[in-house]
Structure formats: C-alpha cells, structure tokens
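All remarks here apply to the structure that follows.
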Amino acid sequence: MYFPRKDVKIISNIKNHVMKLPFAEPYKTKMVEKIYRSNRSEREIWIKEASFNLFNLRSEQVFIDLLTDSGTGAMSDNQWSSIMSGDESYAGSSSYYNLKEAIDDITGFPYFLPTHQGRAAENVLFSVIVKEGDVVPGNAHFDTTKGHIEYRKATAIDCTVDSATDLLSGDPFKGNVDTVKLEKVLKSNPLDSIPCILLTATNNTVGGQPVSMENIKEVSDLAKKYGVRLIIDSARFAENAYFIKTREKGYKDKDIRDIAREMFSYADAMTMSSKKDAIVNIGGFIAFREEELFHKATTYNIMYEGFITYGGLSGRDMNALATGLYEGTDFSYLESRIRQVEYLGTMMKGYGVPVLEPFGGHAVFIDAKRFLPGLPPEEFPAQTLAVELYIEGGVRGVEIGALMADRDPVTRKNRYPVLEMVRLAVPRRVYSDKHMDYVAAATASVYERRDRIDSGLRIISEAPIMRHFTVVLGRA
Ligand SMILES: Cc1ncc(COP(=O)(O)O)c(C=O)c1O
C-alpha cells in the first residue's frame, strides 16, 4: 500500500498576502477513542469467521468503519451536557417538550411521536396507513422502508429519475422523483390502495443523492391533485437542504433551516431516523400535520414503542436529539461534513477508482460493476469488493446491490438492481481527512490488483427478508 503526500503543497506566491481562506471544521476534538490497526493475516481469518458478511465482524476487527453514518456520529459537548439534564419522567417529561419545541421549530409539523429509530417510525406509521394489496410509490425506498411495506403484503414502486442509474450523468438532483412515472402509478391504481407517496431526501439507495425543491413541489402538487398523502423519509433532510442551497437556483442566500421548513411545508408527515442528520446515537420520530393521523398512530406507538411522551427513548436521548437537530442544520457543520465526503470521492477518482458522481451527501459509492467487470452478478461483485477492501486495509463498507435487493417476494428470484455498489458512509464528526487518505489508498491498492480477483461469493444461507444483515456467504 502506498501513501503519496498529494496534500502537501508549497505556497510560494501569495500576492499581497491576500488569499481566500479554505473552510475548516467548526469544532475541535475534546476526547478521542483508540482504534486498533490490524494486519492482513488477522483480517483474512476474521472475515472467514464472519462468513464474509461484514455485519458479523466485531468493531475491534475494523480499523476505519464506514459501514454506516447511522448512529455513528460524535455527539458534541452540548449534546452530552443536555444528556445530564434529561428528565426521565414516564409521562410529560421536560425532555419531551424540549424535543417538541425543536421539531416544531425546524420542521413546522405540529404533532410528533418519538420512536427508538427510523424503522420504528415506519412500523408505527405504516401500521395505520398501509394494508395488503396497497402500492406505495416513491424514489428508491430505503431497505427497511421497503421491508415494512412488503411485510404488509403491499408493493413499493420505484419512480426515481433515470439519471439516478446513469453513473456518468452529472445531474445535480439524481434523487428526484420522475413525476411522469409517479403520475402513471397514481392513475393506474385505485386511489384507496395508495396510502401515500414516500419521498426520501436525500435518496440513500441511489447514492445519497438530493431531491430538488422544485421536485418536492411537483410531487406535492401531484399528491394534492390525486388526494394522496406525501410523506418525507427525512433521515438526511439537512444534507438535502445543503444541496438545495448550494445547487438550486434561488436558494443560495437562504438559511438551511428555512430551506428545511420549506421542504416540509409541502408534505403531510415525515419519518425520521435521527441517527443521521440529528447526530445522535439512537432515536427517531414521526411528525404529522393531521391531528387525526397522529391520534391513530399514537395507539401503535404506545404498543410498539412506549408512551406518547417518550416512545422508545429515554429523556436524555430526547434532550440530545433536540440539541442535535439544531447542530445538524448548521451550515458550517454541513459544509465541512459534505466536503469531507467530497474529499474522499475526489481522492478515489484521482486513483482511477470508478465512483458514483456527483458524490453523495453522506457517502462515496464505488461502482462494483466497473471495478470488477469480470465477476458475474450471481457472485455478488459489490459484496466481493467490500470484503477485499476490508482484507486490504481493515476498512468496512457495505454492499448496496444484489444482496441488499433481496429476492422478489412473489417469484423468490434474486433481484439484480442496475446499481451494484459499495457504499463508504462517513460518520459525522468522527474521522479526519488523513483517515480519508488511508481509505482512498486502500481502495486504490485493491484496484491495482483487481485483475487477480477472478471469483466472488455465493450464498450458503439467508433470511427471507432483509437478508444482507445476516446472510452466510462462502467463496464461489
Ligand atoms: C433513508 C433511510 N430511511 C430510513 C432508515 C432507517 O432508519 P434506522 O436505521 O434508524 O431504523 C435509514 C437508515 O439507514 C435510511 O437511510
């Protein structure tokens, strides 16, 4: 493995001492956590013991963990101190009201229910609105979202724009909903079988790509025209707002929180995995505009999560979440976060590694089909590449491809999505740019020896749904 110091440049010609200062992280480190840098032979043994499933590795066996940006962020001193003042009353705690105030302020939704994480929000909400035979159109539903829809014998219909699967397209809003595809679904299904349109912003499944405000408005207009609710899966709403600010005409001078409030103003409800843009280690919520829907969901929340004023969270968790919602919508934080992801993507590209562009908000996605063109889809090229990257440098990414796509619930045949990718998700406020250099160099080393990776992996056993979490694999 090699580490060229491309970052060191001698500045010899600063005219009149005037230069544009670069951005820098708006925080400094107060506490550190040791990480173990293993060697290759250790990793070869560990990955075999883990059945070539990266979810089975122990965290100490990973040097740089880019498995997910979910719940892996570093909380601030303010969040930790708000934890100390958490109110653990079963009902009516002040922490609940702190959170309510923050959600009202940032989203504009008047009702909310806390849940322990995003999928719990989906479970509660879909228990009210999704029934057998329904269809739920959206833009590449996240796997747990799709899982909760399919578990209820309903169908998730993907209406994402075609540019999302064109890896070379520079479309700045590849996460958008194709409104022609969406209207076709709305026209060709009985409206009482469409409980909602589900818009995910940013769109994780197609590479953390943003949805434009214009698109959100168009989708909202269609939702109103057909009398269908619009729900936003908001796990990364703040990163989406950053992209709207920096890429969409008319938003350059607007504040991130104003942009977020405008996004939500077009929707009827939102589900939130707070483990992403609210920078907490656990937490979620559902927020609603309709009082009646809120009341219906309350019953399920009490059954599955907990009483209305804590719903699966402790008071201290709710306090940290309330603080995190403000920190996660701060422009200078978002700039440093998204530009760190961009830095990693740019380094990779510099080494010739095929990556999805534009780079996503939370992750760099490697195109496994172009990286390992000789591997057949049945041998799971993206999972094979993720395993190789782990063996090479102790870097843990995740497969977003055929394994994650599961089998078709009716035919039980493997689904092979157009995008077969390895996602390297960057935790918030955790790793330095030096860690990013290391990740890029490790990937480049695998890329150099790609011709020698001539076989992939096969499934030995799998769960009937969401198999990638627990699948047992062997060498093909
Ligand atoms: C877009 C999106 N929606 C929903 C979820 C589910 O959230 P959680 O992991 O908190 O259950 C995730 C998690 O990664 C996600 O990325």
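The values are calculated or read from the model by the stated rules, or taken from the named source; none is laboratory data. The structure displayed is predicted, hence computed values, not measured ones. So basically every Cβ, Gly included, is an ideal-geometry build from the backbone, and we count neighbours across all protein chains shown.
Okay, here's what the table says:
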{"read-out": "Sole residue being more than 16 Å from the ligand (Cβ to nearest atom) and either touching a Gly at 6+ places or on another chain (Cβ under 8 Å) or among the aliphatic types (A, V, I, L, M) (or both), chosen from 269, 297, 287", "value": "297"}
{"read-out": "Test: residue in segment 363-376 that is in a helix (DSSP H, G or I), under 21 Å from residue 438 (Cβ atoms), at pLDDT 95 or above and touching a Leu at 6+ places or on another chain (Cβ under 9 Å)", "value": "yes"}
{"read-out": "From the options 111, 97, 151, 90, residue that is away from the ligand (no atom under 16 Å from the Cβ), surrounded by fewer than 24 Cβ atoms within 10 Å (Cβ to Cβ), more than 21 Å from residue 292 (Cα to Cα) and hydroxyl-bearing (Ser, Thr, Tyr)", "value": "90"}
{"read-out": "Residue that is within 18 Å of residue 316 (Cβ to Cβ) and of a type outside the set (Phe, Trp, Tyr), where the choices are 101, 122", "value": "101"}
{"read-out": "Tally, over segment 208-233, of residues that are surrounded by fewer than 21 Cβ atoms within 10 Å (Cβ to Cβ), of a type in the set (Gly, Ala, Ser) and assigned to a helix (DSSP H, G or I)", "value": "1"}
{"read-out": "Candidates 309, 299, 329 - the one that is without any contact (Cβ under 8 Å) to a residue 12 or more places away in the chain and polar (S, T, N, Q)", "value": "299"}
{"read-out": "Residue within segment 377-391 that is touching a strand residue (DSSP E or B) at 6+ places or on another chain (Cβ under 9 Å), within 26 Å of residue 144 (Cα to Cα) and assigned to a loop (DSSP other than H, G, I, E, B) present", "value": "yes"}
{"read-out": "Residue selected from segment 64-78 under the condition within 16 Å of the ligand (Cβ to nearest atom) and either touching a His at 6+ places or on another chain (Cβ under 6 Å) or outside any loop (DSSP other than H, G, I, E, B) (or both), by the criterion farthest from residue 321 (Cα to Cα)", "value": "65"}
{"read-out": "Some residue of segment 184-207 being of a type in the set (Asp, Glu), under 22 Å from residue 341 (Cβ atoms) and either away from the ligand (no atom under 14 Å from the Cβ) or surrounded by 23 or more Cβ atoms within 10 Å (Cβ to Cβ) (or both)", "value": "no"}
{"read-out": "Any hit, segment 125-141, residues being touching a His at 6+ places or on another chain (Cβ under 6 Å), in a helix (DSSP H, G or I) and within 16 Å of the ligand (Cβ to nearest atom)", "value": "yes"}
{"read-out": "Residue, nearest to residue 408 (Cα to Cα), within segment 452-476, restricted to residues that are assigned to a loop (DSSP other than H, G, I, E, B) and not aliphatic (A, V, I, L, M)", "value": "464"}
